Amino acid sequence: MRIALTVMFCTATAAFAGHGILLVSDQVDGVTNPEDFDRYYEDAIREAGYTYAKWDHAARGDVPFEELSKYSLVIWFTSTSGASPASDPLRGNLTLSLTEQAALERFLAEPEGTTAVVLSGMYIAWNCVADATTEQQLYKPLFSDYLKLAYPADNFDRWFKVERNWKYRGENGDPLFQGKSYGIAWRHNANYPDQLEPAAGGAPSAWWLDPDNVQHHRAVIRANGAKDNGGDWRIALFACPFENIYYAADRTTIMKNIIAWSGAVAAKATAPESFGRIKALFP
């Protein structure tokens, strides 16, 4: 009877894949000693009361549009991948290949209903839009037209080092951080992350706040718009990756905020008492 019970749980999980949350674990490309931060995302989603499907980028490669289109919220995390600028002919666009950028653009524009993307990685913008030879932002539709990113020149010559006693400071009225500050526990073996600013049409979510209470460029920005076929598209970029939120309870709170902001039709986890009733059928 244990086999029958296992099949039932697998079937239930598969049913949650459509119109739910896809986690893309993409922490290996271009990294000598990749770190594993999957559990910070997985635990936060479970504690928030939702289910998810997962794509292991190291094992499965690029995520095609056909896979993305099964979901309404994609959370793509890259840790310290992408330490080289976009202008590097060999290592540029490792965090998001040009094919994947195009697939995410389609995911935001084409499926009916609201679709949302959350990118979480300290070098995603650097690796995809930074031209280190001219110290200019390269035009990439995903970042310029959707995210509304205005990549600060400080990323080329005024890097800052984030320590464990820094904080996120949420913007007032922001749906992700709701004006609150959250402690940072810097967990990476690399440092000097991206600094962000929104261009016209975009919105700031959270500042970098140093131990002297000085605000720097933004750690998180977001943008949204209406689709031609109904629904909205929504996108956010965490240059201070989500795993750096200090407390587990705060990670759960912000994950709840992300899911609510995304407008995604995310699958709620089955209540524990329901599992108990199912289990009772298989003594």
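The values are calculated or read from the model by the stated rules, or taken from the named source; none is laboratory data. From a predicted model like this one, the values you see are computed outputs, not experimental measurements. Here the Cβ positions follow ideal geometry from the backbone for every residue, glycine too, while neighbour counts run over all protein chains shown.
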Leu90 - would you say it is closer than 24 Å to Glu135 by Cβ, in contact (Cβ under 8 Å) with a residue 24 or more places away in the chain, out of contact with any strand residue (DSSP E or B) (no Cβ under 6 Å at 6 or more places or on another chain) and not aromatic (Phe, Trp, Tyr)?
no
Here the qualifying pairs (Cβ atoms under 7 Å; residues six or more apart or on different chains; first in region 34-47 and at pLDDT 95 or above and in a helix (DSSP H, G or I); second exposed (fewer than 15 other Cβ atoms within 10 Å of the Cβ) and among the hydrophobic types (A, V, I, L, M, F, W, C)) come out as Asp43/Ala248
Whether any residue in region 189-211 is closer than 21 Å to Ile21 by Cα and either under 17 Å from the mean Cα position of the chain (by Cα) or outside any loop (DSSP other than H, G, I, E, B) (or both) is what I want to check.
no
When the residues of region 200-222 are narrowed to those that are small (Gly, Ala, Ser) and under 18 Å from Gly121 (Cα atoms), which ends up surrounded by the fewest Cβ atoms within 10 Å (Cβ to Cβ)?
Ser205
Taking Gln27 and the conditions (1) at pLDDT 95 or above; (2) surrounded by fewer than 18 Cβ atoms within 10 Å (Cβ to Cβ), which numbered condition does it fall short on, given that it satisfies the others?
(2)
Testing Val129 on (1) touching a Lys or Arg at 6+ places or on another chain (Cβ under 7 Å); (2) surrounded by fewer than 24 Cβ atoms within 10 Å (Cβ to Cβ), one condition comes back false. Which one is that?
(2)
Under the condition of being free of Cβ contacts under 8 Å to residues at least 60 places away in the same chain and among the hydrophobic types (A, V, I, L, M, F, W, C), which residue from region 146-165 is surrounded by the most Cβ atoms within 10 Å (Cβ to Cβ)?
Ala150
Segments classed as strands (runs of 3 or more DSSP E), wholly inside region 115-185, with at least 2 members that are charged (D, E, K, R) and either under 14 Å from Ala199 (Cα atoms) or touching a Ser or Thr at 6+ places or on another chain (Cβ under 6 Å) (or both):
167-170
Within region 125-157, the residues that are within 26 Å of Ala103 (Cα to Cα) and hydrophobic (A, V, I, L, M, F, W, C) are Ala125, Trp126, Cys128, Val129, Ala130, Ala132, Leu138, Leu142, Phe143, Leu147, Leu149, Ala150
Please enumerate the residues belonging to region 235-258 that are surrounded by fewer than 22 Cβ atoms within 10 Å (Cβ to Cβ) and within 15 Å of Ala116 (Cβ to Cβ).
Phe242, Lys256, Asn257
Quick check, is Asp157 among the acidic types (Asp, Glu) and at pLDDT 95 or above?
no
Contact list please: Cβ distance under 6 Å, first residue in region 58-82 and part of a strand (DSSP E or B), second residue surrounded by fewer than 23 Cβ atoms within 10 Å (Cβ to Cβ) and among the aromatic types (Phe, Trp, Tyr), pairs at least six apart or on different chains.
Ser79/Phe37
Identity of the residue in region 19-33, in contact with a Lys or Arg (Cβ under 7 Å, 6 or more places away or on another chain) and free of Cβ contacts under 8 Å to residues at least 60 places away in the same chain, that ends up nearest to Arg187 (Cα to Cα):
Ser25
For Glu197, work out the one condition from (1) surrounded by fewer than 19 Cβ atoms within 10 Å (Cβ to Cβ); (2) modelled with pLDDT under 95 it doesn't fulfil.
(2)
